[in-house]
Amino acid sequence: MHLLKKFKKFGSIDMVMPVKYYAVRYQEEKEIFTSWEACKNYLIGKKGFSQKSFLSLEEAQAFLNETIDRFEYTLPTAYIDGSYDAKTGCYSFGGVLIIENKQYEFKKRYDPDMYSTSRNVAGEIKGAGFIIQYAIKVGIKELNIIYDYEGIEKWYTGQWKANSDIAKAYIQFKQNVEDKIKIHFIKVKSHSNNPYNDLADQLAKSALGI
């Protein structure tokens, strides 16, 4: 049973609400807060963190100890998302790249083309390619990519077979850049209140005007 704290009284009945635990991974630090205000204050000025709320301490601790910790959050880190406009057939991506605590935002809209049938997936893949190319251009040799669509990782690593045009193009792209940069892939749930993932989603939508 989750720990509970008294919220307020209604007549003779105690109204209760569950305690929330706010778990944060930031570089080598791991923190758990029981107050959102305390969590927000801790995050001020920090970039590249991963934060999630839970209703049990055990779940929060498990989140902090996931295998995701094998990645070095001191590395440049990119968040990528895609979007699609069914009315126009256009697709887009939004991306946030964090390098040494500096935040760079990207977004781009693509007119209907041979990849449009893949809808927002086309945007996700184009976004991954754009960010990787940008990282190579500025001299980055190792990069974290945080995503919510599995194909970004599994086509790149060969775990999925490429059937669509966009997947085939992505694999060809990977073959051209794999000797120039090392990529660490990290999956997060979509719309899970991850601030940078949500920002990437907003950027992708704004590129389409939606």
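The charge dipole of the stretch 76-210, taken about its Cα centre with unit charges on the Cβ atoms of Lys, Arg (+1), Asp and Glu (-1) only, comes to about 160 debye.
Efficiency by 1/(1 + (r/R0)^6): what FRET value for residue 160 and residue 113, r their Cβ-Cβ distance, R0 = 25 Å, to the nearest 0.05? Computed FRET efficiency for residue 160 and residue 113 comes out at 0.70.
For the residue pairs 102/141; 40/187; 137/168; 87/182, the C-alpha atoms sit more than 29 angstrom apart in 87/182. In this structure, residue 59 and residue 27 have a Cβ-Cβ separation that, at R0 = 25 Å, corresponds to a calculated FRET efficiency of about 0.70.
Other residues with beta-carbon under 11 Å from the beta-carbon of residue 133 carry, at +1 per Lys or Arg and -1 per Asp or Glu, a net charge of +3.
Within a Cβ distance under 10 Å of residue 89, other residues only, what is the Lys/Arg minus Asp/Glu net charge? Combined, the nearby Lys, Arg, Asp and Glu give -1.
Based on protein heavy atoms only, the stretch 16-147 ends up with 50 Å² per residue of surface accessible to a 1.4 Å probe.
Among the trypsin sites (Lys or Arg not before Pro) found in the stretch 145-210, those both in a DSSP coil and sparsely packed, with 16 or fewer other Cβ atoms within 10 Å of their Cβ, are 161, 180, 189.
The values are calculated or read from the model by the stated rules, or taken from the named source; none is laboratory data. Only a predicted model underlies this, so the values are computations on that prediction, with no experimental measurement involved. Here Cβ is always computed from backbone atoms with ideal geometry, including for glycine, and neighbour counts include all displayed protein chains. All accessible areas refer to the heavy atoms of the entire protein, side chains included, with ligands and DNA or RNA removed. Shrake-Rupley method; radii C 1.70, N 1.55, O 1.52, S 1.80 Å.
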